[in-house]
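For reference, the structure discussed in these notes is given below.
The values are calculated or read from the model by the stated rules, or taken from the named source; none is laboratory data. These figures come from a predicted structure and were not determined experimentally. With ideal geometry, Cβ positions are generated from the backbone for all residues, glycine too; neighbour counts draw on all protein chains shown. We work out accessible area using only protein heavy atoms, side chains counted, and drop any ligands, DNA or RNA first. Shrake-Rupley method; radii C 1.70, N 1.55, O 1.52, S 1.80 Å.
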Amino acid sequence: MTEHIVSSQAYAKAVLHCAKYPWATVHGLFLTEHQDGKTRYVDAIPLAHTWPQLTPMFDVAVQQASIYAQSKQLSIGGYYVAYEDPTDVQLSASSALLATALLAAGDRVVAF
């Protein structure tokens, strides 16, 4: 089983993204590195906080994030979403589609 380690920078970026826009659904990506059987989440890239549905802009954002990650010798290893309604605890259909697309791009991707 792989050990997952979240850096304070990645955690803080995701939490602050959610805190800045509590009235909106927020989406973002985690960048990871893999060493010695461990997955380390080293950074987060906030994607959006206004669109409730996925659009072609998400495709572009994911492509740019992937290029950036490769330049830092990292990979996209996670997708986060936080809904404006705190009782929503499951991925919506559109969020599940994005998570599925990310999973297809790499076998070590998590969504939460």
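Observations on the structure shown:
- Positive-end extreme of charge dipole, the chain - chosen from ALA101, THR32, THR55 (charges on Cβ): THR32
- Acute angle (nearest 10 degrees) that the helix 93-105 long axis makes with the longest principal axis of the chain, alpha-carbon atoms: 20 degrees
- Carbon plus sulfur fraction of accessible area for the chain, probe 1.4 Å, in percent: 58 percent
- Extents of the chain, largest first, come to 39, 27, 25 Å (Cα atoms, principal axes, whole angstrom).
- Using the rule -39500 (n - 2.57) for each DSSP H run of four or more residues, divided by the residues of the chain, the 222 nm mean residue ellipticity is -12000 deg cm²/dmol.
- Solvent-accessible heavy-atom area per residue, rounded to whole Å², over the chain at 1.4 Å: 62 Å²
- Cα gyration tensor, the stretch 1-67 - rounded (a/c under 1.5), prolate or oblate: oblate
- Contact order, relative form, for the chain: 27 percent (alpha carbon pairs under 8 Å, 6 or more residues apart, mean separation divided by residue count).
- The chain - share of DSSP beta bridges that are antiparallel (%, nearest 5): 75 percent
- Sparse packing (at most 10 other Cβ atoms within 10 Å of the Cβ) combined with a DSSP loop state is found for the following chymotrypsin sites (Phe, Trp or Tyr not before Pro) in the stretch 9-41: TRP23.
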